[in-house]
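The next block holds one structure in the form of structure tokens; read it before the comments.
Where a number appears in this text, it was derived from the coordinates with a stated rule and is not lab data. From a predicted model like this one, the values you see are computed outputs, not experimental measurements. Reconstructed Cβ throughout: ideal geometry from the backbone, glycine too, with neighbour counts over all protein chains shown.
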Amino acid sequence: MLARHARYRWDGLRQQHQLVFPEGVLVLNESGAAIVRCCDGRSIGEIVAALENQLKDAPLESDVPAFLDRLFEKGLVIDALDDAKLGAANERK
Amino acid sequence: MKTGIPHASRPFALLAELTYRCPLKCPYCSNPLELRLAREELDTAAWKRVLTEAAALGVIQVHFSGGEPLVRHDLDELVSHARSLDLYTHLITSGIGADEHRLAHLRDAGLDALQISLQDSRPAENDAIAGAPSFEQKCRAIEAARRLELPLTLNVVLHRRNLDRIEDLVGLAEKCNVDRLELAHVQYTGWAFRNRAALLPTREQVERAAAVVARSRERLGRRPEILHVLPDYFQQFPKACLNGWGRVFLTVAPDGAVLPCQTAREIPGLEFPSVREVALQEIWFHAPVFQRFRGTDWMPEPCRSCDRREIDFGGCRCQAFLLTGDAGATDPVCHLSARHHIVEEALRESPKPQAALQFRTYPARTRGVVG
């Protein structure tokens, strides 16, 4: 789940999804944003299942843990995750 | 007008310096050496307008700071207003005045996170640097924030006098169960520049500290998250000051002056427009002071042709001015600067452990001063 100091936000001015925390802002693409909004305590399997229903180009079962692992490295999500290759979420500090 | 100034990006973060009033006197404070009187502070309505304009301009996070922002009675109202604008709100405080009651109100007003400073791991040393008894209050503030489950960063400014206790500081952060620990070496501008002889660490201290941080991160994993801001006098390259002048960051000072950087008043010859007179958007995009060091066209060599020009943006303008007399010079911290010897000389000066600290002072009120 999302770390307490991290907050999801939609930026209407820049037309982008963001994850905001005290030291900066992470820009999210559509699937990244969808994953982040599912980070409420659900398991990875539950998130993947929820997204398969939601998104046309649903992230594969390997992409979700990869993306979450990247957020975990930044301290933006908490919970142990399996190691995986890095995902392709957009990023800008 | 110069050609080739890039279309300015929109700012991400606003530093809202609500006041220069503060009960403490830290000798490295980023507030100006000449501090203005409380009577000149922007009022509540003015700050709300600033926040509204900032959000419309593209600001995403607001850092409420000062001085000590908790001395403002309207802080809750400002946090609440910021929250209603979907701004991420972050309070930067000494912890003085941050009791559970106050923090609970701020949390309910919509505060997203806060940062509490500590000057040292031991009470006497902490109070000596802070210039006032404060250690106990700070610890109580930390505990209160934890009880309220407010995301909390513990901030410790590092310098010669406390660097040897960095391990204790990490231990304290761990014991207090803070979310994040920011260990920030002093940046030598403003008051810190004045006190440099007393604060500058040795290279050995800096290297030992880096080793402690590395070991601590191994041991602690993700909690607390440790941010370690290194002292650029000991680095090869300068910091990307502000992530670039007028690029993602702006400061509004207590009197309404808008600054690209909170220490920019140190640079002579710059004029800072006021939110009392001009709209924030107009200032950000068009004020000469914001344009002055925007992009790369203003850069001298070697910055101008350097691969790193959009990585560190030539370093810190205030530091360049303080060390070379020229705010447009390459930051001499950079080993590629022709004036890098200035920094080497500063490091070679024998450490002055007994050098007296000049503590930050807030001027006494005097009659008839308009300010």
Problem set entry | Under Karplus coefficients 6.51, -1.76 and 1.60, residue-wise ³J(HN,Hα) of the stretch A:10-24 in Hz, glycine/proline x | 9, 9, x, 5, 8, 6, 8, 7, 9, 10, 10, 8, x, 8, x
Exercise. Quick one: in the stretch B:99-208, what % of C-alpha pairs are over 17 Å apart?
Worked result: 56 percent
Problem set entry | 5 angstrom amide H check on A:Ala3, placed H, neighbours 5+ away | A:Val77, A:Ile78
Exercise. Classify the stretch B:188-287: rounded, prolate or oblate, from the alpha-carbon gyration tensor (a ≥ b ≥ c, eigenvalue square roots; a/c under 1.5 rounded; otherwise prolate if a/b is larger than b/c)?
Worked result: prolate
Problem set entry | Cβ-based exposure ranking for B:Lys25, B:Lys138, B:Lys175, in which fewest neighbours within 10 Å come first | B:Lys175, B:Lys25, B:Lys138
For this session: Enumerate the amide H contacts of B:Asn155 below 5 Å, restricted to partners 5 or more residues apart or on another chain; note that Pro and chain-start residues carry no placed amide H.
Result: B:Ile116, B:Ser117, B:Leu118, B:Glu182
Problem set entry | Gap separating the Cα centres of the stretch B:310-332 and the stretch B:54-92, nearest whole Å | 30 Å
For this session: List B:Arg247, A:Arg42 from most exposed to least, where exposure is judged by having the fewest other Cβ atoms within 10 Å.
Result: A:Arg42, B:Arg247
Problem set entry | Amide H partners (placed H, <5 Å) of B:Lys352, local residues excluded | none
Seminar exercise, completed: Whole-number value, in Å³ per residue, for the convex hull of the alpha carbons of the stretch B:307-365 is 138 Å³
Problem set entry | Rounded if a/c under 1.5, otherwise prolate or oblate - chain B, Cα gyration tensor axes | rounded
Seminar exercise, completed: So, with points 7 Å from each Cα along the Cβ direction, the B:Gln281-B:Asp307 label distance in nm works out to 4.1 nm
Exercise. So, counting K/R as plus one and D/E as minus one, what does the shell of residues with Cβ under 9 Å around B:Glu100 add up to?
Worked result: +1
Exercise. Hey, fewest Cβ within 10 Å first, where do B:Val229, B:Val333 land in order?
Worked result: B:Val229, B:Val333
For this session: Could you tell me which of rounded, prolate or oblate describes the protein assembly as shown, using a ≥ b ≥ c as the square roots of the eigenvalues of the alpha-carbon gyration tensor, with rounded for a/c under 1.5 and, failing that, prolate when a/b is larger than b/c and oblate otherwise?
Result: rounded
